[in-house]
Amino acid sequence: MTHELVLYSNPQSRGRVARWMLEEVGQPYQTEVLDYASTMKAEPYLAINPMGKVPALRHGDAVVTENAAICAYLADAFPQAHLAPPPGDRLRAPYYRWMFFTAGPVEYAVSNKALGFTVPPERERMIGYGTLARALDTLETAISRAPYLAGDSFTAADLYVGSHLGFGMMFGTIDKRPAFEHYWQRLSGRPAYLRAKGIDDALVAEMKKAAG
């Protein structure tokens, strides 16, 4: 597919993850910067994502929301970037497993912690993540087995999981465990990450200047 790629985002949002993925893919794309109080809740964007949240990705007539889905979609849409094990490869299993483990149990657990919610011990079996400690212990084991989650090569799973760990440690919602810090340090040195960060940091500076 060679249709136009458009990222709908805000530089102070999870859209930074999608931008990093686009920079890794290496294909030209446009960015529509949305404001939380106006354009993100206006009808033109709600037609793209009725949730009124960012990021969203448009690729021709296809629309994808949710960062894990955007990362997985772009990895498959542009296989020449080598950001996912090929279909049928045995490494496809851990690639999917850890990306969606982080999108589900880990994010759910971290969000509940940030909101001050603690699962009563007798109700842990009702919650997909059980406890935050158990979810993070499981993820720590996964990233400690090999340089990357799907073997020896960086994939979209590392990008997505690493983003959660990096942002979580930055905002204090995830413990700064040595394994997490070492993993994130390795990922955050990638040229595509640095390009994406530079773009969004510049947009934040522009927004602050415009706001006076």
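The values are calculated or read from the model by the stated rules, or taken from the named source; none is laboratory data. Predicted, not measured: the structure shown is a model, and the values here were computed from it. Here Cβ is always computed from backbone atoms with ideal geometry, including for glycine, and neighbour counts include all displayed protein chains.
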Any hit, segment 106-113, residues being out of contact with any Gly (no Cβ under 9 Å at 6 or more places or on another chain), in the same structural domain as VAL161 (by TED's automatic domain parsing), not hydroxyl-bearing (Ser, Thr, Tyr) and not in a helix (DSSP H, G or I): no
Checking MET51 against (1) outside the structural domain of LEU136 (by TED's automatic domain parsing); (2) closer than 26 Å to PHE171 by Cβ; (3) within 17 Å of the chain's Cα centre (by Cα), the condition it does not meet: (3)
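Yes/no matrix, rows are residues, columns are (1) closer than 23 Å to MET207 by Cα; (2) part of a loop (DSSP other than H, G, I, E, B); (3) hydroxyl-bearing (Ser, Thr, Tyr):
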{"residue": "GLU24", "(1), (2), (3)": "no, no, no"}
{"residue": "PRO44", "(1), (2), (3)": "yes, no, no"}
{"residue": "MET51", "(1), (2), (3)": "no, yes, no"}
{"residue": "GLN80", "(1), (2), (3)": "no, no, no"}
{"residue": "LEU83", "(1), (2), (3)": "no, yes, no"}
{"residue": "PRO86", "(1), (2), (3)": "no, yes, no"}
In segment 162-191, residue farthest from LEU34 (Cα to Cα) [restricted to those that are touching a Gly at 6+ places or on another chain (Cβ under 8 Å) and not polar (S, T, N, Q)]: TYR183
Any hit, segment 121-139, residues being surrounded by fewer than 16 Cβ atoms within 10 Å (Cβ to Cβ), of a type in the set (D, E, K, R), within 17 Å of the chain's Cα centre (by Cα) and not assigned by TED's automatic domain parsing to the domain that holds ARG19: no
Filtered residues of segment 53-70 (kept if assigned to a helix (DSSP H, G or I), out of contact with any Leu (no Cβ under 6 Å at 6 or more places or on another chain) and of a type in the set (A, V, I, L, M, F, W, C)): ALA68, ALA69
In segment 59-76, the residues that are under 17 Å from the mean Cα position of the chain (by Cα) and touching a residue at least 24 places away in the same chain (Cβ under 8 Å): GLU66, ASN67, ALA68, ILE70, CYS71, ALA72, LEU74, ALA75
